[in-house]
Amino acid sequence: MHRIVANRRLSPNVIRLDVEAPRIAEIRQAGQFVIVRRGPKAERIPLTIADADAAAGTIALVIQAVGKSTRELTALQPGESIQDISGPLGMPTELIEKGRAVCVGGGVGTAVVHPIAQSLHKRGVHVTSVIGGRAKEWVIFEQELRQLGDVVVCTDDGSYGRKGFVTDATKDLLTAGGIDIVYAVGPVPMMRAVSNLTRPFGVHTIVSLNPVMVDGTGMCGGCRVEVGGKTKFACVDGPEFDGHLVDFDLLADRLSTYRIQEKAALDHPDGTCRVGL
Amino acid sequence: MSNKISAKERMRIERQSMPEQDATARAKNFQEVNLGFTEQLALLEAQRCIQCKEAKCIAGCPVMVNIPRFIQCIVDGDLPAAARSLLGDNALPAITGRVCPQETQCEAQCIRGVKGKPVAIGYLERYVADWAYRQANGVAGDAPTAPTGKKVAVVGAGPAGLTAAGELVKAGHSVTVYEALHQPGGVLVYGIPEFRLPKQIVDAEVRRLQDAGVQIECNVVIGRTYTLPELRERYHAIFIANGAGLPVFMHVPGENLKGVYAANEYLTRINLMEAYAFPSAGTPVMVGKRVAVVGGGNVAMDAARTAQRLGAERVTIVYRRLRADMPARAEEVHHAEQEGIQFEELAAPVAVLGNEQKWVTGLRCQRMELGEPDASGRRRPVPIEGSEFEVECDVVVVAIGTRANPLLTATCPELKLSRHGHIEVDSHGMTNLPGVFAGGDIVRGAATVILAMGDGKQAAQSINAYLKTKPV
């Protein structure tokens with residue numbers, strides 16, 4: 001059992017849960033994730049470790065409430081528990097030793113770039129974070145990232161920071177030059193756009209993939225993605241890959257596998273959060 | 001009541017059939033297919049055993065169960081003695097009685113099989129094990145051994161790990177089992193379906209081990225949460241039995257379309273995650289109207305019969321050799337046939353076909369003919385030119401085996417592996433690292449529950465011997 005110690009709303013549908021998981025808090029590295037199962041009959045869902053406090057023995061999970069399982073998780077209050085947390089899983093982020101890095105975060109993906117920026121900053125790499133959301137209230141992790149370097153905030157409607165997409169700001173940074181690596185985490189179209197953007201500049205780009213997963217240990221093969229024409233399992237070979245080699249169309253398509261079932265689950269009377277109620 | 005009968009009478013008794021659920025009814029439910037022997041059937045079957053002085057059946061059993069001894073106890077009407085005898089030899093008899101390929105092991109050696117049908121050893125084993133589970137106070141086992149003060153870690157709570165843990169705790173060691181998933185049982189819970197092995201049987205076995213003092217820690221992935229070198233610092237000995245969970249795909253075009261599953265994923269979603277109860281259980285699965293299952297092993301049969309039970313209209317097993325060559329247990333193939341599973345023999349997939357939205361629409365196969373025998377002694381299937389045909393389907397389940405999962409071994413480069421990534425062990429089950437033993441599928445590649453259990457039992461004995469040489 002893993003007790004929830006804090007539940008904070010970061011944006012209209014994104015919640016940060018701080019959860020007791022001492023061993024994972026102690027050894028996790030940037031880029032790694034956990035598989036969470038709330039309780040009996042619940043789904044196993046992969047969640048990137050957004051932050052950890054080894055002394056307190058807690059990890060931070062940043063969850064976007066989109067389906068039945070994520071809504072149930074984000075509803076958990078301090079004192080309540082998550083039954084199963086397995087990890088840390090996946091390969092740690094490939095970090096550069098020195099130079100300049102751009103960390104691009106879109107929506108909830110901003111929470112995933114946070115530990116990457118943390119690790120880079122610790123090594124003395126200069127970090128510029130480019131983060132964005134639809135409008136001001138959707139921007140998350142801005143303060144945390146400001147501790148680690150420069151931050152460029154973009155909003156689609158211009159209600160905060162620079163008006164436009166994170167790709168526009170990233171392009172300006174690339175054009176200005178001197179960028180050694182780009183880390184991009186967010187919705188599939190955003191990661192694809194950033195990867196397409198960096199390619200002509202020849203800047204190495206790492207993206208974090210979020211395919212459907214079950215066990216997270218390489219056993220089921222459900223999370224297979226294509227990278228450089230080869231099938232990889234995101235749970236053990238990734239979840240981070242070279243963005244210039246990822247087949248984003250396949251990823252986006254496979255992510256739609258259970259869309260009908262997911263909607264049915266939300267509409268089902270057993271669902272805790274019924275649409276329209 | 002005297003159960004004494006003459007030799008002539010004994011030889012006249014025919015092998016008793018296992019009572020089973022009607023095929024039409026069971027193809028729609030997940031209840032167990034085999035219903036188990038009644039007392040009368042068990043007695044008749046037990047009387048067929050001629051109590052060979054040098055019983056070959058024992059040597060046919062990977063865990064060397066003293067078969068004639070427990071069968072004689074049934075004949076004598078002494079089920080407590082039968083249970084003590086059986087449980088002393090085999091830690092998980094209710095499981096092996098259900099899933100062992102007896103026809104290639106103990107029953108293949110039975111002398112009565114020479115001129116007729118062998119004694120139904122598996123059915124009798126199950127009968128005794130199920131009787132033992134119904135006893136509220138359990139079956140008195142051996143007196144507990146004094147604690148040795150030695151700590152042993154077991155990696156993986158599947159058949160090999162659980163068997164080893166049971167034996168090690170019996171020997172007085174402190175035993176902790178680390179399981180990567182959220183529930184112990186390994187393939188017994190994620191792989192083998194309810195209709196073949198009810199989960200309550202696995203749960204009961206696990207509880208019995210826990211009652212005996214085995215600690216089980218779930219959600220611990222060795223290779224990630226802890227590395228093997230870390231375990232070596234904390235434990236006097238380690239048994240690695242993490243299975244061979246890395247699915248093999250066909251490497252044909254279209255394999256990443258929506259609707260293509262590795263059998264591991266399909267079965268895990270349904271068995272472990274209870275996707276059959278979606279949406280009251282959280283994990284979905286694509287059920288499929290027409291399901292093609294590729295492969296001829298037990299896993300293929302399990303996947304096909306599961307799809308049928310979930311309501312698929314037509315389920316086809318695609319296999320590149322003949323039905324008689326299938327590595328699955330004979331009973332599973334027979335049950336699948338009875339339940340209406342279609343068999344496409346001598347067929348090998350060449351592509352998965354999909355529509356514009358990338359959903360599976362079919363499986364393109366090539367007809368095979370049998371050529372010269374290969375390394376396995378079976379005739380090698382050879383493709384026939386221009387023989388391609390399509391199996392219409394919306395779900396494809398790939399059940400052509402698994403490879404060694406490198407998650408653990410990658411964190412311990414000193415550990416000696418075979419060319420295929422399996423852990424190499426000596427005749428005692430020990431790896432090249434002192435005190436580190438291994439068994440089950442991570443050593444053998446995809447094998448059977450009973451062979452894994454045999455490894456677990458042997459490793460426990462070797463660990464006992466090894467620990468005797470070590471100070472506390």
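Scanning the stretch B:363-405 for residues that are in contact (Cβ under 8 Å) with a residue 60 or more places away in the chain and open to solvent by less than 20 Å² (accessible area, probe 1.4 Å) yields B:Leu363, B:Pro381, B:Val391, B:Cys393, B:Val395, B:Val396, B:Val397, B:Val398, B:Ala399, B:Ala404, B:Asn405. Out of the residues in the stretch B:361-388 meeting the condition of being outside any strand (DSSP E or B) and among the acidic types (Asp, Glu), tell me which one is nearest to A:Asp253 (Cα to Cα). The selected residue is B:Glu388.
In the stretch B:82-91, is there at least one residue being modelled with pLDDT under 95, open to solvent by less than 40 Å² (accessible area, probe 1.4 Å) and under 30 Å from B:Tyr226 (Cα atoms)? Yes, that holds for at least one residue.
To keep it simple, each residue is scored yes or no on (1) within 14 Å of chain B (Cβ to nearest Cβ); (2) in contact with a Pro (Cβ under 8 Å, 6 or more places away or on another chain); (3) over 18 Å from A:Gly216 (Cα atoms).
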| residue | (1), (2), (3) |
| --- | --- |
| A:Glu43 | yes, no, no |
| A:Pro78 | no, no, yes |
| A:Gly90 | yes, yes, no |
| A:Glu94 | no, no, yes |
| A:Val104 | no, no, yes |
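Considered as a group, the residues in the stretch B:31-75 that are acidic (Asp, Glu) and under 24 Å from B:Ala91 (Cβ atoms) include one that is surrounded by the fewest Cβ atoms within 10 Å (Cβ to Cβ), and that residue is B:Glu32.
Considering the stretch B:255-293, and only residues there that are facing chain A (nearest Cβ under 7 Å) and either in a helix (DSSP H, G or I) or on the phi > 0 side of the Ramachandran plot (or both), the residue that is surrounded by the fewest Cβ atoms within 10 Å (Cβ to Cβ) turns out to be B:Glu274.
Identify, by number, the condition in (1) open to solvent by 10 Å² or more (accessible area, probe 1.4 Å); (2) farther than 20 Å from B:Asn298 by Cβ that B:Leu231 doesn't meet. The single condition B:Leu231 does not satisfy is (1). Annotation note: of A:Ala75, A:Ala50, A:Ala56, the sole residue that is surrounded by fewer than 19 Cβ atoms within 10 Å (Cβ to Cβ) and touching a residue at least 60 places away in the same chain (Cβ under 8 Å) is A:Ala75. A count restricted to the stretch B:205-219 and to residues that are more than 14 Å from chain A (Cβ to nearest Cβ) and either closer than 12 Å to B:Ala165 by Cβ or open to solvent by less than 20 Å² (accessible area, probe 1.4 Å) (or both) stands at 9.
In the stretch B:296-308, is there at least one residue being under 19 Å from B:Asp441 (Cβ atoms), modelled with pLDDT of 95 or more, in contact with a His (Cβ under 9 Å, 6 or more places away or on another chain) and away from chain A (no Cβ under 14 Å)? Scanning the stretch B:296-308, I find at least one residue that is under 19 Å from B:Asp441 (Cβ atoms), modelled with pLDDT of 95 or more, in contact with a His (Cβ under 9 Å, 6 or more places away or on another chain) and away from chain A (no Cβ under 14 Å), so the answer is yes. B:Val260 falls short on exactly one of the conditions (1) under 19 Å from B:Asn405 (Cβ atoms); (2) modelled with pLDDT of 95 or more, and that condition is (1).
Being open to solvent by 10 Å² or more (accessible area, probe 1.4 Å) and assigned by TED's automatic domain parsing to the domain that holds B:Gly311 is a property that holds for B:Val252. Going by the conditions given, is B:Arg224 farther than 30 Å from B:Glu39 by Cβ and assigned to a loop (DSSP other than H, G, I, E, B)? Considered against the rule, which asks whether it is farther than 30 Å from B:Glu39 by Cβ and assigned to a loop (DSSP other than H, G, I, E, B), B:Arg224 comes out as yes. Counting only residues that are away from every other protein chain (no Cβ under 14 Å) and surrounded by 19 or more Cβ atoms within 10 Å (Cβ to Cβ), the stretch A:204-229 holds 5 of them. Among the candidates B:Ile450, B:Ile400, the residue that is closer than 30 Å to B:Ala59 by Cα and at pLDDT 95 or above is uniquely B:Ile400. For the stretch B:220-254, the set of residues classified as within 9 Å of chain A (Cβ to nearest Cβ) and of a type in the set (Gly, Ala, Ser) consists of B:Gly223, B:Gly243, B:Gly245, listed by residue number. Scanning the stretch B:412-428 for residues that are crowded, with 18+ Cβ neighbours inside 10 Å and touching an Asp or Glu at 6+ places or on another chain (Cβ under 6 Å) yields nothing. Candidates are the residues of the stretch A:61-76 that are within 11 Å of another protein chain (Cβ to nearest Cβ) and among the polar types (S, T, N, Q); the one that is nearest to A:Ala184 (Cα to Cα) is A:Thr70. Just one residue in the set B:Pro184, B:Pro198, B:Pro193 is closer than 27 Å to B:Arg134 by Cβ, under 16 Å from the mean Cα position of the chain (by Cα), open to solvent by 10 Å² or more (accessible area, probe 1.4 Å) and more than 13 Å from every other protein chain (Cβ to nearest Cβ); that residue is B:Pro198.
Scanning the stretch B:1-55 for residues that are assigned to a loop (DSSP other than H, G, I, E, B) and among the acidic types (Asp, Glu) yields a count of 4. The sole residue among B:Ala164, B:Ala157, B:Ala132 that is part of a helix (DSSP H, G or I) and under 30 Å from B:Tyr226 (Cβ atoms) is B:Ala164.
Here is a yes/no grid of residues against (1) within 27 Å of A:Arg123 (Cα to Cα); (2) part of a loop (DSSP other than H, G, I, E, B); (3) aromatic (Phe, Trp, Tyr); (4) touching a Leu at 6+ places or on another chain (Cβ under 7 Å):
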site: A:Glu144; (1), (2), (3), (4): yes, no, no, no
site: A:Ser159; (1), (2), (3), (4): no, yes, no, no
site: A:Thr167; (1), (2), (3), (4): yes, no, no, yes
site: A:Ala184; (1), (2), (3), (4): yes, no, no, no
site: A:Ser195; (1), (2), (3), (4): yes, no, no, no
site: A:Ile206; (1), (2), (3), (4): yes, no, no, no
site: A:Val214; (1), (2), (3), (4): no, yes, no, no
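For the stretch A:125-135, a residue qualifies if it is open to solvent by 30 Å² or more (accessible area, probe 1.4 Å) and either modelled with pLDDT under 95 or over 14 Å from A:Asp180 (Cβ atoms) (or both), and exactly one does: A:Arg134.
If the condition is being in a strand (DSSP E or B) and open to solvent by 60 Å² or more (accessible area, probe 1.4 Å), then the stretch B:324-360 contributes B:Gln342, B:Trp359. When you look at B:Gly421, is it of a type outside the set (Ser, Thr, Tyr), part of a loop (DSSP other than H, G, I, E, B) and not assigned by TED's automatic domain parsing to the domain that holds B:Ala91, yes or no? When the stated conditions are applied, B:Gly421 passes them. The residues of the stretch A:169-183 that are among the hydroxyl-bearing types (Ser, Thr, Tyr) and over 23 Å from the mean Cα position of the chain (by Cα) amount to a single one, A:Thr175. For first residues located in the stretch A:242-262 and more than 9 Å from chain B (Cβ to nearest Cβ) and under 30 Å from A:Gly202 (Cβ atoms), partners that are hydroxyl-bearing (Ser, Thr, Tyr) and not in a helix (DSSP H, G or I) and lie 6+ apart or on another chain with Cβ distances below 8 Å form the pairs A:Asp242/A:Thr205; A:Gly243/A:Thr205; A:His244/A:Thr205.
The values are calculated or read from the model by the stated rules, or taken from the named source; none is laboratory data. All figures in this text were calculated on a predicted structure; none of them were measured in a lab. Counting neighbours? That spans all protein chains shown, and the Cβs are built from the backbone with ideal geometry, glycine included. Note: accessible area is taken over every heavy atom of the protein model, side chains too, but ligands, DNA and RNA are not part of it. Shrake-Rupley method; radii C 1.70, N 1.55, O 1.52, S 1.80 Å.
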